[in-house]
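A short write-up of the structure that comes next.
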Amino acid sequence: LTKKNSEGGGINRRAVIATGGAVGVGVVAAPSAEAAATRWNRTVDVIVVGSGAAGLPAAIRARDLGASVLVVEMNDDVGGHAIISNAFTNLGGGNAMQQKYGIVDTPDDIYLEYTRPDHAMTRYNDRAMVRAFADYNVEVYDFLVAKGVMFRDARPTNSPSEGSAIPRRIGMETYSDNIRETINGTGGSGYVRPLEHAARAAGVEFLLSHQMVRIVREDVNAGPVQGIEVLDRVRNRRITIRARRGVIACTGGSSSNVAIRTIYDPRLTDEYQVGCEPYSPQSGDAEQLGMAVGASLGGTAGQRNETYLALQKTAFIGCQYGYARWDPNSPYFQRARASGLAVADYQDAILVNAVGERFYDETVTPTRVRGDEGWSALQGYFSAALSSAVKVIDGKKHRIGGPVWAIFDAEGAAREEWTLTPPHVDPDYFFSASTLGQLAAQLNRNVYQARHPMSGVTLAESVARYNGFVDAGADADFRKPTPRYKIQTPPFYAAWATPILHDTYAGLRVNANWQVMDVFGAPITGFYCAGESAGGFTQHGVARCAVGGYIAATHAVGA
Ligand SMILES: Cc1cc2nc3c(=O)[nH]c(=O)nc-3n(C[C@H](O)[C@H](O)[C@H](O)COP(=O)(O)OP(=O)(O)OC[C@H]3O[C@@H](n4cnc5c(N)ncnc54)[C@H](O)[C@@H]3O)c2cc1C
């Protein structure tokens, strides 16, 4: 399901190739042969691509304003990351929940906090976008409540890690006890399912298992966006859909798309997995297909991967997708294959890089460093995790990135009270052996590690050196606080513990109407982008997505 490289996804690249000579600023090009020849299979007013945190409010808002609306969703159910999320939502401005708990907040407060110059999450934000976001907060909160979104009635909390001191963070009730409806039993279902039902009741049409694979513009990089081509993933056939008022791309960021994510950070090669995969990938399709028709990227300074939730130390080890725990009862569990092991105390394991060497104090966690003082420690962890492994290839040294493995022994596993069998662990991401040399040979079977097999000698030396630190009572290499337990009792274990990607904080450049801008700095008629695929506003999660989708639809239909 997950597109992992630039060649995947069946995307038609003829549009890119057909670009030929660039169209200059202000020059109106004749429609390309391709656009002129498009035979539309159907026509609606507004196409919303993606049915997650941004797409659902966009669709309902456009329908409320009188448009005919089609939602195109590549997955076989709605919700994207939003339904897997916890959906704690940072909407404020003095909304009813804040008023109920006596919290004073205004749109100006939101604006000033999210453009703060002294915070890494806020200083790069596009001021016009944040101004519009701030001014729409209360209206969107009221809209979501009216559509049935299940905000938890509790005092909102603040989010200092995001630069936000005023309490705005509101939790969400889980939609039901039926895991078929909630997908993984989380609060995001209290956002997604009510919006899905409101959309269907209002007459929004959903086309599930259909993936946008091309954006049709009047000319390859000039004129309005006219519609899209979609791939019916079940019947493996393509159809074209025209949009009279606009295409609103809400495809959920680009963290799963190696071609796009390595634009922001070349270290992020394909071994790094993404939170919420394998339910829905962050396909990067809005960005990739948008750029193919002349759209610009924006907000790229916001995509600093050591910032907040862009990159995470995986919470569950021994499985491929360890950002959140996959419930074995989930209807999508067969895609995830294992729920992983939560590490209670990194005194019970060491972490080694792809060449089998330790690289950092293992006990650094997002929880330990969250708050003002700690981000630099976590940044150091990620830098080391992504770049410390050096391999000699054809006589030359190369930094190779690669997997990170948690190494522990039988006693460590017993202290953690882990059950080391499926569905807790994935046999392709979890290995055991009676010696460390054999363990290296085992983990070299992993598809990502196999490219650069680990030396059993190096792994054994790393463990022996660490055991020496336990004897000495001090970690001379990385100053792990008082290493406590030797790794010495077979069987020995290796569990996948590679950092995992999460939020996308950059994407297509949009203006304050969430209308996509081209590479010359002009808005593209009929093309909008909201949610994590829109760049310019670094804020975690649902709030910027909901507000962006709402504003985009308002402008697409009203403009
Ligand atoms: C485990 C977890 C916990 C989280 N907790 C929180 C939280 O507490 N609070 C918070 O605010 N945020 C949270 N988030 C983040 C939040 O879920 C996302 O920021 C948000 O859902 C992004 O919204 P979106 O609309 O951009 O993308 P999504 O919600 O991911 O929706 C994008 C949709 O587009 C579809 N799509 C992609 N490409 C195509 C294509 N070419 N054609 C058709 N469809 C396509 C996808 O299948 C998907 O359904 C969490 C995320 C995860 C994974």
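Values in this text are rule-based calculations from the coordinates and carry no lab data. Treat the numbers as computed from the prediction; the structure is a model and nothing was measured. Note that each Cβ is placed from the backbone with ideal geometry, even for glycine, and that neighbours are counted across all protein chains shown.
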- Message: What does the C-alpha gyration tensor say about the overall shape of the stretch 194-335? Classify as rounded when a/c is under 1.5, otherwise prolate if a/b is larger than b/c, or oblate.
- Response: oblate
- Item | Residues 48, 72 arranged by fewest to most Cβ contacts within 10 Å | 72, 48
- Taking only C-alpha pairs under 8 Å that are 6+ residues apart, what is the relative contact order of the stretch 466-559 in percent? 20
- Item | Helix 456-472 axis, angle to the chain major axis (alpha carbon atoms, nearest 10°) | 70
- Alpha-carbon centroid distance for the pair the stretch 246-288 / the stretch 475-500, whole angstrom: 31
- Message: Can you tally the net charge around residue 354? Count Lys and Arg as +1, Asp and Glu as -1, for every other residue whose Cβ sits under 15 Å from the Cβ of residue 354.
- Response: +4
- Search the structure for amide H atoms under 5 Å from the amide H of residue 498, placed 1.01 Å from N in the peptide plane, and list their residues when 5 or more places away or on another chain. 404
- What does a probe at residue 153 reach in the stretch 69-107, counting residues whose amide N is under 18 Å from the point 7 Å along Cα→Cβ? 95-103
- Extending each Cα 7 Å along its Cβ direction at residue 41 and residue 146, get the distance between those two points in nm, one decimal. 3.5
- Note on the structure: Distance in nm between residue 116 and residue 342 label points, each 7 Å along Cα→Cβ, equals 2.9
- Query: Taking the mean number of other Cβ atoms within 10 Å as a proxy for protection, how do you rank 410-420, 231-241 from highest to lowest?
  - Reply: 410-420, 231-241
- Note on the structure: So residue 390 and residue 139, fully extended at 0.36 nm per residue minus their Cα-Cα distance, gain in nm 85.1 nm
- Message: Below 8 Å, C-alpha to C-alpha, sequence gap of six or more: please give me the relative contact order for the stretch 68-212 in percent.
- Response: 39
- Query: For the stretch 46-159, with only Lys/Arg (+1) and Asp/Glu (-1) charged at the beta-carbon, what is the dipole magnitude about the Cα centre, in debye rounded to 20?
  - Reply: 80
- Query: Quick one: if the Förster radius is 60 Å, what FRET efficiency do residue 234 and residue 474 give, using the C-beta to C-beta distance and rounding to 0.05?
  - Reply: 0.50
- Task: Would you calculate the separation in nanometres between label points at residue 522 and residue 100, each defined as 7 Å from the Cα along the Cα-to-beta-carbon direction?
- Result: 4.9
- Item | Average Cα contact separation per residue, the stretch 387-514, under 8 Å, 6 or more apart, as relative contact order % | 33
- Task: Would you order 448, 141, 264 from fewest to most other beta-carbon atoms within 10 Å of each residue's own beta-carbon?
- Result: 448, 264, 141
- Message: If each residue of separation counts as 0.36 nm, what is the full-extension length gain between residue 465 and residue 205 once their alpha-carbon separation is subtracted?
- Response: 87.5 nm
- Item | CD proxy at 222 nm, helix term only [per DSSP H run n ≥ 4: -39500 (n - 2.57); per residue of the chain; nearest 500] | -8000 deg cm²/dmol
